[in-house]
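To keep things clear, I will list the structure first and then write my remarks on it.
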Amino acid sequence: MSTTAKNGIEIQSVIAMDAEYVMHTFNRQRVVFVRGKGMKLWDAEGKEYLDFLAGIAVNGLGHCHPDLVSAIGGQAGELMHVCNLYYVTQQPMLAKRLVELSGMGKAFFCNSGAEANETAIKLARKWAKQTGPEKYEIICAEGSFHGRTLAAVTATGQPKYHEGFEPLVPGFKHVPFNDLSALDAAAGDSTCAVMLEPIQGESGVHPATQDYLAGARSLCDRLGALLILDEVQTGLGRTGKWFGCQHYGVRPDIMTLAKTLGGGFPIGACLATDEVAKAFVPGSHASTFGGNPLACAAALATLDIMEREKLVENSAEIGAYLKERLIELQSRRDDIAEVRGVGLMVAVEFSRECAVDVAAECLRRGLIVNPIGRSIVRMLPPLIVKRDDVDAAVAILSDSLSGA
Ligand SMILES: *Cc1c(COP(=O)(O)O)cnc(C)c1O
């Protein structure tokens, strides 16, 4: 079997070099991607793939949208970074856009989802210190995912991500998701915040119920605690609305964003109400790279393109179509237990442990999806996805399911 691709890239040597020099924190599929355009990716051998993962909900505009490419290129040639001791125009412009879209008050910029959540946790603690020194506890949900920094991973309600990193950050509690009485029982005077994803993504697309999210909001109001919503995955059109919480009519005190925000360029944001944001003063928190002109220009261009191309509306429409087609597939088979999700954040749960094999078979047939555990496959296509793409993806999934 030849391992030298058309363009001269030695696939085996890339994999060997990765094994020798890159810390082994991922079990990667043996594919080397070299190019992307819209819904498509190409590997080093020239094979084409339909992307239904979008870099895990990152490439909302698809790959290499020409207007995003030129915004990044133009800004890179003008000014990339100066540090936060000075003003740049792009940072307040992006803050204004996000504040107007979300109804929040102020923004802090960083470079990833975990950092955005780290910011949220620190802001909530700082805010609560005004009330008393003992009000520092943060209640999170089992099955949640908030990132991999020490505080964000402590907030994450999955023990497998904690193993070996103990002692974790003190002051976090976990309660079963969608169980309001468990949340009620865990909360008290020492609670400074409740931190939730409107739809749990990483653990397999589990939406909060209306009663739960609304109940968490009232509980926080009753206790004088903050509701932090992690919208790193659900935010910015993924669920068919700008923000996942808009499906519930629930407003958080702090909201975190990342993934889709830069259209593929790394940037994260922590948004807060004006009242809560006041707890941060100069020196409280900082990021060297956070809010640099290049990242902010990428995010501004991403938001412009999303509005111009009506991608949030597209997410709602094509998301509904995707779910409809998957439910139709479910009705023709006896190994699909459930199809769930909102907008373009969809999971198929099988009644057998075939997810890894199905995803591998999809990849072989040129479709990128994400297996979660043994029986769930998650789909997070770019927000530009069209009906034809859905038809193609569901056909490949169907064939792969028969073959796996
Ligand atoms: C991906 C994700 C994160 C972590 O984001 P990183 O950019 O990987 O740090 C946090 N929260 C949620 C809900 C996510 O989906």
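The values are calculated or read from the model by the stated rules, or taken from the named source; none is laboratory data. Values in this document were obtained by computation on a predicted structure and should not be read as measured data. For neighbour counting, all protein chains shown are included, and Cβ atoms are generated from backbone atoms with ideal geometry for every residue, glycine included. Remember, those area values only see protein heavy atoms, side chains included, never the ligands or the DNA or RNA. Shrake-Rupley method; radii C 1.70, N 1.55, O 1.52, S 1.80 Å.
Just a few scattered comments:
- Candidates A76, A44, filtered to the one that is of a type in the set (G, A, S) and either without any contact (Cβ under 8 Å) to a residue 40 or more places away in the chain or open to solvent by less than 20 Å² (accessible area, probe 1.4 Å) (or both): A44
- Only one of the listed residues (S315, S351, S331, S287) is among the polar types (S, T, N, Q), touching a residue at least 24 places away in the same chain (Cβ under 8 Å) and open to solvent by 30 Å² or more (accessible area, probe 1.4 Å). That residue is S351.
- All positions within the range 103-115 that are open to solvent by less than 30 Å² (accessible area, probe 1.4 Å) and either more than 16 Å from the ligand (Cβ to nearest atom) or farther than 16 Å from I267 by Cβ (or both): M104, G105
- The range 265-284, residues that are open to solvent by 10 Å² or more (accessible area, probe 1.4 Å) and touching a Cys at 6+ places or on another chain (Cβ under 8 Å): none
- Among the residues of the range 55-90, the ones that are under 27 Å from P382 (Cβ atoms) and more than 16 Å from the ligand (Cβ to nearest atom) come to 19 in all.
- Check on K135, open to solvent by 10 Å² or more (accessible area, probe 1.4 Å), more than 16 Å from the ligand (Cβ to nearest atom), charged (D, E, K, R) and part of a strand (DSSP E or B): no
- Check on D221, farther than 23 Å from R340 by Cβ, in contact with a Leu (Cβ under 9 Å, 6 or more places away or on another chain) and open to solvent by 30 Å² or more (accessible area, probe 1.4 Å): yes
- Test: residue in the range 143-164 that is buried (at least 24 other Cβ atoms within 10 Å of the Cβ), β-branched (V, I, T), more than 27 Å from L303 (Cβ to Cβ) and out of contact with any strand residue (DSSP E or B) (no Cβ under 7 Å at 6 or more places or on another chain): yes
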